[in-house]
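Enquirer: Here's a structure for you.
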Amino acid sequence: MPRTISPTAVVSTVSSDAHTWNLIFLELLLTETGYRVHNVGACVPDELLIETCRTRNPHLLVLSSVNGHGAIDAERLIKRLRTVPELAALPTAVGGKLGTDGESGLSTRRRRLTRAGFTAVFEGAAAVARFQTFARGVRDSVQGSQP
Amino acid sequence: MTTATQQDFGGVVRRARARGEIVVQPRMGFSDPALMRSGLAAVAALKAATAGTITVDSYTRLGDYAALRSALDAGENLNGYPLVTAGEQTTRKITQGLADDGFQIQVRHGSPAPLDIVRAMTDAGLCATEGGPLSYCLPYSRLPAAESVENWRRTCELLAALHGPDTVPHLETFGGCLMGQLCPPELLIAVSILEGIFFRQHGLRSVSLSYTQQTHHAQDREALTALRTLAGEYLADIDWHIVLYTYMGVFPATADGARRLRRQAARLAVEGHADRLIVKTGAEAHRIPTVAENTTALLDAADDLTAAAGNPLPGNDDGIHTVLHDARTLIEATLELSRDVGAALTGALRRGYLDVPFCLHPDNPGRAVSRIDRTGRLTWLSVGAMPLRPGPGPAALTSTELLADLAHVANHFDGLEPRSPLPHQPHLDSGRNSQ
Ligand code: B12
């Protein structure tokens, strides 16, 4: 039987956001999907998150924010992160409650955040189910690409 | 007769209590000063005993004024009022003429480094706020607890120095709301009381102790009784009152569910003899509420409080001895570590005498685990190094189980089946049909 490597994920929130129940949930969900997870915790400055990704070199970065500033902070973060050459192709997901205008701003935010550099954006009703499919996809491609 | 307007948040609550009224207060904050003003004015004008709130946005909480300015320049909405950058004149304008001996405004933030915020509010003539060295650090930041303690010491001294004939600075501890949910009451009570003692040690003469509604009505009532008893013992020489928060965890998604949960909170405030009630709206689970949603919720709450006071329900407080005993044990174990309460608090974290379940902060011991038991009460699976009766030990938790615990209250009030029964009688609470 071929030895399978565990995919790794960094779970984090954005610089202004103190909510962490979302992070604990995502950590458990990704662990159950087969990832080894590093959870960075509350109020993560851009520099710390970029540094964490550089040193840990994860297969997936999952960003969550619910305080209403998520779209602003995540957009700034991803633009900076994408300028780091070794992180330019890192699969990145962002989700939660990303604006102060509830569901109404949802499709604008999705466009804005994917344009800024996110691989996928998860907000609204089926967010978690869609994300699980995405995370399995990343996992399978990590495991499929091993020697 | 005084000529100057009294700044005395605690006094307003005391006078309402003397009239038999519980003060109701929203959690309200908008980036637009005009909207902030209209919200405060609308709350002040309500025919109910109210207190006003300025909730500060997350950038200001973290002192990230660069991110704040670029967000405002880009026309974005913030999740609260940018108190520091707004400037003294703007804040004076939005609060002008509102405060009197029946209405005062409190600034609410969530910052472990609150000096900028407190300077800005006191410059603008406001001297009631909220927080605490642990309660605004562990659930809100990654700042080392020792730094937060030092920041909060200076903040207390700054506030206390304003004390005068027309000014009684007021500070509320957020200790009773740690993480918003799933924290057993003895720990919430202990941190509330310990932060109250910290405030007093650094000069405050008027404080409030908080507690949030949790998963089980009788357990919450016992907790409020215990909190009141301990406040009477530890803070007898200063002005204090009890503030109850409507459930601070995942809120019911439906309007009816939210309404029923809020009604239950009002009943708890009455039965637990709270002096002030923080009110949430039907929008809580979804987005930041509008001014109208807030005023509607406040009037509902005032009605609910009257209805509950007129219709007392039998209940027993069998569990009071346990929660009182356990909270006292945590308080005493902490206070024994140092005469300097701030040092005692950081020492208690290092030793694990205070350990907040599910808190990711680097200085939180992170060994204690809580769970909702079969009867709906919050209990410990593991107490870590806290000097309490050991629980049965931590069990592996799946993401589904975590969500079920987090949604326990919301599901119950939304009329969905919770994992275990949650004893309460919402249908008895008022004349309205609520089921
Ligand atoms: C608990 C809580 C807190 C606690 C948090 C403690 C902690 N350390 O976690 C405290 C009290 C500290 C707090 C503070 C604040 N909060 Co708060 N808080 C809540 C509350 C009540 C519950 C959140 C929760 O625990 N959810 C449980 C988790 C598991 O669910 P979740 O976070 O929604 O995540 C789910 C989905 O969104 C999704 N998801 C989330 N992220 C991601 C990412 C990906 C990739 C995917 C696929 C899915 C996904 O999956 C999860 C499971 O379904 C909500 C309201 C509510 N929901 O009832 C408000 C709420 C999130 N808070 C809010 C706000 C504004 C604040 C404050 C500014 C204060 C205030 N109310 O004015 C501060 C912000 C501090 C800061 N610097 O960020 C707003 C946000 C509004 C918005 N988005 O526009 C809410 C919605 C309340 C409201 N209606 O005003 N809060």
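FYI, it's all coordinate maths here, none of it is from the lab. This structure is a prediction, so every number in the text was calculated from the model and none was measured. Glycine gets a Cβ as well: all are built from the backbone with ideal geometry, and neighbour counts include every protein chain shown.
Enquirer: Could you give the size of the charge dipole of the stretch A:1-123 about its Cα centre, using +1 on the Cβ of each K and R and -1 on the Cβ of each D and E, expressed in debye and rounded to the nearest 20?
Expert: Details: 14 positive and 12 negative charges, 86 e Å.
Using only the charged Cβ atoms, the result is roughly 420 debye.
Enquirer: For the stretch B:303-360, which trypsin sites (Lys or Arg not before Pro) pass both filters: DSSP loop (anything but H, G, I, E, B) and at most 15 other C-beta atoms within 10 Å?
Expert: Those that pass, being in a loop and sparsely packed, are B:R339.
Enquirer: Restricting to DSSP H runs of at least four residues, report the calculated mean residue ellipticity at 222 nm for the protein assembly as shown, -39500 (n - 2.57) per run over all residues, nearest 500 deg cm²/dmol.
Expert: On the way: 21 runs with 253 residues, N = 582.
Mean residue ellipticity at 222 nm (helix-derived): -13500 deg cm²/dmol.
Enquirer: Let me ask something additional. Answer with one residue from A:G96, A:V142, A:A127: the one whose Cα lies farthest towards the positive end of the charge dipole of the stretch A:8-144, charges on Cβ with Lys, Arg +1 and Asp, Glu -1.
Expert: Checked the options; the winner is A:V142.
Enquirer: Next question. Tell me the relative contact order for chain B as a rounded percent, counting alpha carbon contacts under 8 Å between residues six or more apart. Let's see the in-between values first.
Expert: On the way: 903 pairs, mean separation 69.3, N = 435.
Once normalised by length, the contact order is 16 percent.
Enquirer: Would you mind telling me which residue in A:D17, A:D46, A:D101 has the biggest mean-square fluctuation in a Gaussian network model of chain A, where springs connect alpha carbons within a distance under 10 angstrom?
Expert: So, out of A:D17, A:D46, A:D101, the one fluctuating most is A:D101.
Enquirer: Shifting gears a bit: Among B:A190, B:A302, B:H163, pick out the residue whose Cα is farthest towards the positive end of the charge dipole of chain B, where Lys and Arg carry +1 and Asp and Glu carry -1 on C-beta, about the Cα centre.
Expert: Going by the charge dipole, the pick is B:A302.
Enquirer: Right, another one. Using only the Cα atoms of the stretch B:1-140, what semi-axes does the equivalent ellipsoid have when each is the square root of 5 times a gyration tensor eigenvalue? Give whole Å, largest first.
Expert: The three semi-axes for the stretch B:1-140 are 26, 17, 14 Å.
Enquirer: Based on the Kirkwood radius over alpha-carbon pairs, what is the Stokes-Einstein translational diffusion coefficient of the stretch B:214-262 at 10 °C with 1.306 mPa s viscosity, in µm²/s?
Expert: The diffusion coefficient I find is 124 µm²/s.
Enquirer: Taking the Cα centre of the protein assembly as shown as origin, work out the dipole magnitude from +1 charges on Lys and Arg Cβ and -1 charges on Asp and Glu Cβ, in debye rounded to 20.
Expert: On the way: 56 positive and 60 negative charges, 244 e Å.
Computed about the Cα centre, the dipole is about 1180 debye.
Enquirer: In whole Å, what are the Cα extents of the stretch B:150-283 along the three principal axes, biggest one first?
Expert: Largest to smallest, the principal-axis extents are 46, 29, 27 Å.
Enquirer: Continuing with this model, one more query. Measure of size requested: the Rg and Dmax of chain B, with Cα atoms as the atom set and Å as the unit; please supply both.
Expert: 20.4, 63
Enquirer: Sequence-distant or interchain residues sharing an amide H contact under 5 Å with B:I54, placed H: which?
Expert: Under 5 Å from the amide H of B:I54: B:Q106, B:V107, B:R108.
Enquirer: Along each of the three principal axes of the Cα atoms of the stretch B:78-130, give the extent in whole Å, ordering the values from largest to smallest.
Expert: Principal-axis extents of the Cα atoms in the stretch B:78-130, largest first: 31, 21, 21 Å.
Enquirer: In bins 5 Å wide, starting from 0, what share of all Cα pairs of the stretch B:104-168 does each bin hold, as a percent?
Expert: Result, from short to long distances: 4, 19, 30, 24, 14, 7, 2, 0 percent.
Enquirer: Using only the alpha-carbon atoms, what does the stretch A:8-144 span along each of its principal axes? Please give whole angstrom values in decreasing order.
Expert: 39, 30, 26
Enquirer: Then there's this: Would you please name the trypsin sites (Lys or Arg not before Pro) within the stretch B:1-82 that are DSSP coil residues with at most 15 other C-beta atoms within 10 Å of their C-beta?
Expert: Details: sites: B:R14, B:R15, B:R17, B:R19, B:R27, B:R37, B:K47, B:R61, B:R69; in loops: B:R19, B:R27, B:K47.
In loop regions of the stretch B:1-82 (DSSP not H, G, I, E or B), the sparsely surrounded trypsin sites (Lys or Arg not before Pro) are B:R19, B:K47.
Enquirer: Now a separate question. What Kirkwood hydrodynamic radius, in Å, does the stretch B:22-69 give when the mean of 1/r is taken over all pairs of distinct Cα atoms and then inverted?
Expert: Working: mean 1/r = 0.0839 Å⁻¹.
Hydrodynamic radius (Kirkwood, Cα pairs) of the stretch B:22-69 is 11.9 Å.
Enquirer: Right, here's the next one. May I have the pair-distance distribution P(r) for the stretch B:215-298, computed from all Cα-Cα distances with 10 Å bins from 0 and rounded to whole percent?
Expert: 17, 44, 26, 12, 1
Enquirer: Beyond 32 Å, how much of the Cα-Cα pair distribution for the protein assembly as shown remains, as a whole percent?
Expert: Working: 75307 of 169071 pairs.
Counting pairs separated by more than 32 Å, the tail of P(r) holds 45 percent.
Enquirer: Rg and Dmax in Å for the stretch B:243-393, alpha carbons only: what are they?
Expert: Calculated on Cα positions, Rg and Dmax stand at 18.8, 49 Å.
Enquirer: Please get the size of the charge dipole for the stretch B:160-278, origin at its Cα centre, with Cβ charges of +1 on Lys and Arg and -1 on Asp and Glu, quoted in debye to the nearest 20.
Expert: On the way: 10 positive and 12 negative charges, 90 e Å.
That gives the stretch B:160-278 a dipole magnitude of about 440 debye.
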